[in-house]
Amino acid sequence: MSEPSEPSDKSPHSLLSEKLAAALPPPGPEALRNEERAQLAAQKVGLTLKGWRVGRLLGVGPVSAAYEATRGSHDGAARGVLRLLVGPLGKNERARGLFVRASYAASRFQHPRVLAVIGDGVDDEGAPFVVRPWSDGKPLADVVAESGPMTEPQALRLAEQVLDALEIAHAHGVVHGAISPTNVLVTPRGSMRLCDFSAPPGMTPRSEGDVLAALRATKWTPPERCSTSADPPTEACDVWSLGAIMYFAVSRLPPRGDAASLGDLARAPIRPIRESAPSVSEGFAALIEHALAADPALRYESAYAMLGDVRRVMAGRKPKLEDAQRPNPSGSYTGPPPHSSRRHLSGARSESSVLQPAMGTSTGRESVRPRHSEWKGNLALILAIATLVGVATFVMVRERVEEERMQRAHPARTSDTAR
């Protein structure tokens, strides 16, 4: 008979990290080193792909490379950014399909701050590429590197704009899937542009497999995505990634430090934001920590929920730290959900709350009063309309009677007028 196991005193974050790390596979053949990807990407400069001339190399990511591209004459040339699938992935049929589908995800909706794909094609080796419009904005990573950390109001304004775009995307069933400081662009006027969507719409669990999921894992990837066996990205994944780049914007540091491998990213804890950026307010720190919760069930469930707290902190108020406050149907009311850190107390109610009606609710007698007032208002409106109709009818009848009386009193004058 086996001895009973001792209860574990590990935190939920440690247990989740160990579970994710256990699912990590050995590196596959597509996982090229950064130097190899850069060399392969540099070989494409100067080519002409479907009318687009590939210009300078803008950057190389874990999956694709980005180039400045132009099409047309020098006077009226169109300018864009061309993203090309790099390395052996370009010959993988599944990877090619996922890459193009994900790139066109932003075409399912329209938003002024989202740069959607305007064209696609393949190079001479069959590797797919997509083209998006050019923007004068710089990647957030370059802005922070050149100008230093953002102030708290600047970071909140940036987050508000990103969340506004994500709210529309999520409403159309589109998840970005790979938000990072390289695909959040900041214009010279401080406006934001979001590009490079990486999650194909309509994916089923584990449909991405070993092809792209592990390769796209970066310092801005949520812990539940740091595994090739992970489910498709959700709205909560976008929330975590945005919290990570807000952390970076005010501190110049990623929230998990120097962690880079899948195992480290799955296990590394989050360093408190006030240790990396002591000047931020308590409300800002609470907002970031809630967005960066390791368990997706304990963080903001959607961009809509997080956007409300961002605006509260911008106004100097405390964040509510609610998981998902979506609009309620007309005529319905639901109370606020419990604080995410005290979910186990959600079912408990104090004796006073049972004996006394809660504020904002109404008893049976009070619920009748609005209906009575509404009935009285409708009756007054009906009487007013009836009065106006009666007055108009009286005036018309009176004018008609006066005309007939004048005709009887002066028949000759009436006949002359008719001639």
Cα centre as origin, Lys/Arg/Asp/Glu Cβ charges: segment 135-327 dipole, Debye: 360 debye
Taking a ≥ b ≥ c as the square roots of the eigenvalues of the Cα gyration tensor, with a/c under 1.5 meaning rounded and otherwise prolate when a/b exceeds b/c and oblate if not, segment 32-134 is oblate
Rounded if a/c is under 1.5, else prolate if a/b beats b/c, else oblate: with a ≥ b ≥ c from the C-alpha gyration tensor eigenvalues square-rooted, which is segment 135-327? rounded
Can you give the charge dipole size of segment 32-134 about its Cα centre, rounded to the nearest 20 debye, using +1 on the beta carbon of Lys and Arg and -1 on the beta carbon of Asp and Glu? 320 debye
Taking amide H atoms as placed 1.01 Å from N in the peptide plane, list the residues 5 or more away in sequence, or in a different chain, whose amide H sits under 5 Å from that of Gly121. Phe129
Global form of segment 241-317, assessed from the alpha-carbon gyration tensor, a/c cut-off 1.5: oblate
Which ordering of His170, His176 is given by a fewest-first count of other beta-carbon atoms within 10 Å? His170, His176
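Where a number appears in this text, it was derived from the coordinates with a stated rule and is not lab data. As the structure is a prediction and not an experimental result, all values here were calculated from the model. Note that we place each Cβ from the backbone using ideal geometry, even for glycine, and neighbour counts take in every protein chain shown.
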